[in-house]
1. Looking only at segment B:56-69, count how many residues are assigned to a loop (DSSP other than H, G, I, E, B), within 12 Å of another protein chain (Cβ to nearest Cβ) and crowded, with 17+ Cβ neighbours inside 10 Å.
2. Can you find even one residue in segment B:40-50 that is more than 10 Å from ligand 3 (Cβ to nearest atom), farther than 21 Å from A:His47 by Cβ and either among the aromatic types (Phe, Trp, Tyr) or in contact (Cβ under 8 Å) with a residue 12 or more places away in the chain (or both)?
3. Show the residue pairs that are 6+ apart or on different chains and have beta-carbon atoms under 8 Å apart, the first residue being within segment A:423-435 and open to solvent by 60 Å² or more (accessible area, probe 1.4 Å), the second being not small (Gly, Ala, Ser).
4. Yes or no: A:Asn267 within 14 Å of chain B (Cβ to nearest Cβ) and open to solvent by less than 20 Å² (accessible area, probe 1.4 Å)?
5. Examine segment B:11-30 for a residue that is at pLDDT 90 or above and either at the interface with chain A (Cβ under 7 Å from one of its Cβ atoms) or open to solvent by 20 Å² or more (accessible area, probe 1.4 Å) (or both), and state whether such a residue exists.
6. Please state which of the following conditions A:Phe73 fails to meet, knowing it meets all the rest: (1) modelled with pLDDT under 95; (2) farther than 23 Å from A:Thr186 by Cα.
7. Would it be correct to say that A:Ala332 is more than 18 Å from the chain's Cα centre (by Cα), within 14 Å of chain B (Cβ to nearest Cβ), assigned to a helix (DSSP H, G or I) and without any contact (Cβ under 8 Å) to a residue 60 or more places away in the chain?
8. When segment B:70-82 is examined, which residues are found to be at the interface with chain A (Cβ under 7 Å from one of its Cβ atoms) and not in a loop (DSSP other than H, G, I, E, B)?
Amino acid sequence: MTTQGWTNLETDLLVVGGGVAGTMAAIPALEAGLKVVICEKGKVLDHCGSIGCGVDHYLTVMDTGPEWDTPAFLIKHVPELTDHIVDMAVASRVIEQMPRIFRKIESFGVDFKDKQLGTYYRLRSFGLPGTYHINFDGTDFKKCLGERVRKGKATVLMRTMVVQLLVEDNRAYGAIAFNFRSGEWTVIRAKAVVLAAGDVNRISRNASGLAFDSWHFPYNTGDAQAMGYHAGAMLANMESVEATLTPKGFSAQGLNALVSLGAYFVNRHGERFMFRYDKKGENARRAVLADAGINEYLLGNGPVYLDCRHLSPEMLDRMAYTLQVDRYTLPAFYQQKGVNFREELVEISISELSIRRSGVYFRGSGLAVDANGETSVEALFAAGDCATVSGGIAGAAVLGHMAGEGVVQRVRGSSHALPEVDRRAVESIRARAARHMSHDATLPWRQFEDEVRDTVTDYVGVRRNDKGLRLALDTLQALARREPELKADDLHGLMRVHESCNVRMNAQMMAAASLVRKETRTGSSHCRVDHPQTDDASWRKFVLVERGERGPETTTLSVDQPLSAAFARAAVAA
Amino acid sequence: MDDTKNHASHTCSPAVAARNEEQALAFNPIRIDEQKCVRCDLCDWICPGDLIYHEEGNKTKLPVIAYPDECWYCGLCQSICPTDAIEVIFPEQMVHNRTDVLSLLGKVGA
Ligand SMILES: Cc1cc2nc3c(=O)[nH]c(=O)nc-3n(C[C@H](O)[C@H](O)[C@H](O)COP(=O)(O)OP(=O)(O)OC[C@H]3O[C@@H](n4cnc5c(N)ncnc54)[C@H](O)[C@@H]3O)c2cc1C
Ligand code: SF4
Ligand code: SF4
């Protein structure tokens, strides 16, 4: 440690978050000979992030011959899949790159083939116009990416949370981070930064009332979105909220496996209701499935149940196996609950909310990027669930890789010297951290976060109106003023305090964007009860969020243009 | 680079430790079998929430669940444990949940 109390590092690329998108961004940079530093909250790169436990499906076109399996065919369907709110420039590039990146990941040792069939087991689900989902045993998926990065000799700072970006003249040059076990602070100067810190969770209440019992990874708290916002980056689609259907009491994965293998949902009258909401029934998009569940509850038709009793024993075996790959503890949950999903109905709840892609592939909520994965801030890139085009592990892998290639271009094309570290910024964030850990701080982060969650659940969630959103914005702004009082009992708590502030910031962006979009789109993803119609004439637009003097400021942009049309910086020379 | 950088400290504050006792009962996310556990540190390393603390190399002390209410119930610790010493236990409010789902759907009427 140096006299100033922090360690300085310098690199070509700094990656924030070593999940799917972050590792995939590091790989092309390492291949091009760049120096790469990755900061990651987890301790083991092979298992950190959302899918440390494994995955069961990978969405891709493979270009094997039939028309439906070509990028052009899927691209043609993207506007309808996203209810027309999509950046086609970026989404098209992601889809075009899918076959290449899929084969690259296979070359890392991921086995996408079904062990029994000896070939790819491809299924249709979530409203997609083809059998694009490969069902596979992805227990080692992340491990293969981690190994690749370690072979490339990246410097990986584990148990290290990035808390603030360094920016000068709308150009990123690094970040400030601390290790929550050792307390060591590191200031990393970098020629480019990739934000890949995932989605936003812990933002609303759920059935169990346990904030960390979330469908998605509860340790992803929108850190990239919040840090990007503070650094002046533009965000889009923040009004869209995501929920899923989950076994009541345990917010778990599995919807994809259930619906693609033929499970039904029924209401308390025994009616298979999904066809009332979509002609594809249980094969509709996730957003539609969640919306249907929500509506059945609102109509008084709850409880809603999962029904697998009609399935063949082979299908049930496959389902049981797949569910366990996707969420390791789901069988234990059913067992401890004493329910047998093969023979009994399983009660289903609406999950807590999250900000990701609102149950719609290719319409990500988060940092707006161009077709190189670069945000509106020069040399600041974003990929994965924190970016405006995302789609599970495949979306994260492809855009991550594109961002890594974009970084190589950016770094090679730039001759700027890196600015000196803004010492005042470092000192002020450290002073704030010291205050959180001192006796002057009294506000427990759990209480603060609960207040955010209550506000979001009640007024910014799946039912919104002008009055409620304004109330929520007032509450969330008032909470912002209390942030300096947040108390951390230890270094681990200091990480949680930073996360709590990021969750609140994302909630505020969501409320601000929702207030602007005066229509309803994609069912409960953005349901304005005071503007219940989808208004294509006025609202085929993105809502953009940027930092203003007094909080988030919003503008709109026609979807006929890419999001990058609103960026002030120059694009990288190709 | 400094090699000690990533080494785990194994303590949480006394305030946290006191809270734990209470919380562990309410959330009891995982149970560690004292007989089976070989004190290998893997669960401490793998937990994505930084909940499990074990002094590296200490062959007598059991790992501690320092922040029971922050468990994701993912079972990574259980799956990685070389001796099957860990079991994930779901608390009552998860296995027998009585929440009215309508309470999650907002206060804004039509
Ligand atoms: C249990 C589970 C099963 C899933 N199954 C599938 C599936 O079968 N198929 C599919 O397509 N999708 C699946 N998904 C979704 C998929 O995992 C995500 O879409 C994907 O991982 C997104 O990649 P990402 O890189 O954006 O986020 P992640 O892979 O979650 O990576 C984000 C990383 O950033 C780190 N981080 C966060 N904040 C900071 C910070 N401030 N500083 C440093 N590091 C930070 C986190 O620790 C994490 O490792 C699943 C998700 C879950 C939770
Ligand atoms: S992984 Fe298992 S054996 Fe190793 S310390 Fe943890 S409980 Fe004990
Ligand atoms: S179940 Fe997951 S979150 Fe809970 S203690 Fe084990 S590894 Fe940590």
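The values are calculated or read from the model by the stated rules, or taken from the named source; none is laboratory data. Fair warning: this is a prediction, and the values are worked out from it, not measured in the lab. Counting neighbours? That spans all protein chains shown, and the Cβs are built from the backbone with ideal geometry, glycine included. Surface areas here come from the heavy atoms of the whole protein model, side chains and all, with no ligands, DNA or RNA. Shrake-Rupley method; radii C 1.70, N 1.55, O 1.52, S 1.80 Å.
1. Number satisfying all stated conditions: 2.
2. No; the residues of segment B:40-50 include none that is more than 10 Å from ligand 3 (Cβ to nearest atom), farther than 21 Å from A:His47 by Cβ and either among the aromatic types (Phe, Trp, Tyr) or in contact (Cβ under 8 Å) with a residue 12 or more places away in the chain (or both).
3. A:Arg423/A:Gln4; A:Arg430/A:Trp6; A:Arg430/A:Trp185; A:Arg432/A:Pro484; A:Arg435/A:Pro484
4. yes
5. yes
6. Status for A:Phe73: all satisfied but (1).
7. yes
8. Hits for segment B:70-82 are B:Glu70, B:Leu76, B:Ser79.
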